[in-house]
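All of the numbers you see were taken from the coordinates with simple rules; none came from a lab. The structure displayed is predicted, hence computed values, not measured ones. With ideal geometry, Cβ positions are generated from the backbone for all residues, glycine too; neighbour counts draw on all protein chains shown.
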Amino acid sequence: MKYYLTLIVLFIFPTVGYAQSSGSSSIVLSQALSSTQTVLPASNADEIPVKSPDKSVDAIDDEYKDDQNLDYANDTFKEEKVEIADPLEPFNRAMHQFNDKLYFWALKPVAQGYKVVVPEPARIGVKNFFSNLGFPARFLSCLLQADLSGAATEAGRFTINTIWGIGGLLDPSSGKELDLQKQDTDLGQTLGVYGVGHGLYIVWPVFGPSSPRDSIILVGNYFLYPPWYIQPWYASLGVSVYELVNNTSLRIGDYEALKNAAIDPYVAFRDAYIQYRMKQVKARKVKLISSAPPAEQSPPINPALPEKVN
Amino acid sequence: MKKRIVVFCILIIFVLSIPVYAGVPMTMAEASVNRVLDVLRDSKLKSPAAKEAKKEKLRVIYKDMFDEIEFSKRTLTRNWNKFSPAERVEFVKLFEQVLEKSYIDKILDYSNEKVNFYKESMLSDNQAEIQTKIVTASKEIPIYYRMILKDGKWKVYDVVVENVSLVQNYRTQFNDILAKDTPTQLLEILRKKVKAQ
């Protein structure tokens with residue numbers, strides 16, 4: 001009897017796992033793709049050579065000439081206003097400069113040297129280790145958002161990665177078999193989920209872009225991030241600096257690319273930060289709606305769902 | 001007899017229309033990205049001397065893949081109307097150069113990361129979002145392409161990297177500049193930027 005039960009349970013696990021991971025859309029898409037590939041070349045060959053030589057030149061000229069109603073308000077991608085009050089701009093610009101110099105004069109050279117000495121897998125291990133220690137803050141955030149499945153995932157990840165991942169150096173739980181992904185959340189997002197806005201833009205020295213709302217992350221980390229409990233204080237500071245150097249070594253070049261592409265780097269980083277945080281909060285809200293018990297997802301709500309997901 | 005012809009016609013319409021509707025933007029984006037990857041992986045172009053040839057090849061693909069006018073219009077929004085046609089032409093050209101010069105090194109740095117195309121969402125008849133992921137050893141970078149259908153061709157008009165839309169990012173910057181400066185001054189800033197790079 002027991003034997004049959006385990007067999008059935010074993011059978012259920014893989015089927016459930018597959019249903020979640022592969023999803024239905026990818027199958028539909030791949031079918032659609034294979035069929036369109038055959039259709040496409042034919043239509044291209046027929047239309048484009050005939051049309052383009054005389055028509056496309058005109059079309060481009062017209063596009064430059066027209067005055068248009070370029071509001072994009074009715075656009076399918078509702079391009080929300082992602083602006084933020086910036087009354088502290090002079091202070092913020094000064095801090096932006098300070099952080100910029102800190103990066104180019106201190107952090108980057110150190111990280112580059114460190115990168116030469118320590119191979120990448122080791123650095124990724126260190127990153128995983130510190131990320132694993134961020135568990136209390138993420139766990140609490142999930143609980144505060146009433147996201148029980150997220151909290152359970154985090155708890156599972158912490159246990160598995162600490163025990164089987166050699167104290168968090170490896171990340172076995174995000175592998176394909178277990179598929180427990182890190183919950184990308186923090187206390188600032190938690191406030192955001194409950195409708196708290198940014199207020200205004202602040203650039204902190206060292207910590208970078210933030211707002212009064214998101215500064216709760218810094219406060220929260222002071223209590224919830226284990227490295228801050230190390231005594232004496234300079235040892236704890238040393239560990240934090242090491243973490244910063246290690247993480248920087250894994251993404252040297254990103255900051256430079258962003259900065260070089262910007263016309264006004266200060267405004268570009270402000271906008272990127274606000275966009276990034278807004279979408280994170282939105283993603284959390286979507287997750288909370290979709291992970292709510294099925295009884296709540298009665299038909300009247302459903303038509304609204306696809307829009308929100310997109 | 002008539003009924004049969006009608007049914008037959010409807011069937012033909014279905015057969016022809018469904019596949020074209022479902023996957024074209026995704027195929028277009030994937031094909032373009034694969035062409036880029038082919039150039040980057042090309043062993044003949046590995047030497048540092050071939051960098052220019054590589055850039056030239058990438059430029060051709062870029063022209064085919066992006067709708068730079070749509071891109072410029074969307075970043076300027078209503079300010080587009082403040083530019084004279086000649087200024088618009090120059091703006092589009094300068095903006096393209098700024099983008100090329102800032103991102104080309106990042107692209108040439110490519111070292112066999114995987115690019116996964118995993119989702120297409122049609123947002124209207126002529127707009128679609130293609131979701132992709134670049135998978136590296138230490139992280140996954142989500143990159144979304146927003147495409148628009150113009151003259152029978154799907155072209156990219158916005159790229160969203162890690163949830164940050166390029167169009168929106170530049171729009172904020174240009175709005176900020178044009179709130180106090182004229183279009184001529186903005187063009188001057190862009191010219192300086194291109195020279196400095």
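Size check on segment A:149-223: the Cα extents along the three principal axes, sorted descending, read 43, 27, 22 Å. Per the Debye formula on identical point scatterers at the alpha carbon atoms of chain B, with no solvent, log10 I(q)/I(0) at q = 0.10, 0.13 Å⁻¹ is -0.53, -0.82.
Taking every alpha-carbon pair within segment A:135-277, the share separated by more than 22 Å comes to 53 percent. Once the Cα atoms are used to define both axes, helix B:85-108 deviates from the longest principal axis of chain B by about 90 degrees.
Test of understanding: in a Gaussian network model of chain B with alpha carbons linked when under 10 Å, which of B:S43, B:S121, B:S32 would top the mean-square fluctuation ranking? Result for chain B, Cα springs under 10 Å: B:S43 fluctuates most. Over all orientations, segment B:121-188 has a Cα convex hull whose mean projected area works out to 7.1 square nanometres.
Taken over segment B:38-77, the alpha-carbon convex hull comes to 78 cubic angstrom per residue. Taking the longest Cα principal axis of chain B as reference, the axis of helix B:166-178 is set at about 40 degrees. Full extension of the chain between A:D179 and A:L144 gives 10.3 nm of extra length, using 0.36 nm per residue less the Cα-Cα distance. Per residue of peptide A:252-265, the mean number of Cβ atoms on other chains within 10 Å of the residue Cβ is 5. Measuring against 26 Å, Cα to Cα, the residue pairs B:K55/B:K155; B:K63/B:K150; A:K108/A:K285; A:K101/A:K282; A:K279/B:K155; B:K46/B:K73 contain A:K108/A:K285; A:K101/A:K282; B:K46/B:K73 as the ones spanning a longer distance. The separation of segment A:199-241 from segment B:114-172, counted between C-alpha centres, amounts to 33 Å. Mind checking the angle between helix B:183-196 and chain B's longest principal axis? C-alpha axes, 0 to 90 degrees, to the nearest 10. The angle comes out near 80 degrees.
For the peptide B:78-85, the mean number of other protein chain Cβ atoms found within 10 angstrom of a residue's Cβ is 3.
Counting, for every residue in B:131-137, the Cβ atoms of other protein chains within 10 Å of its Cβ and taking the mean gives 1.
Taking label positions 7 Å along the Cα-Cβ direction at both A:S236 and B:R41, the computed distance is 5.0 nm, reported to one decimal.
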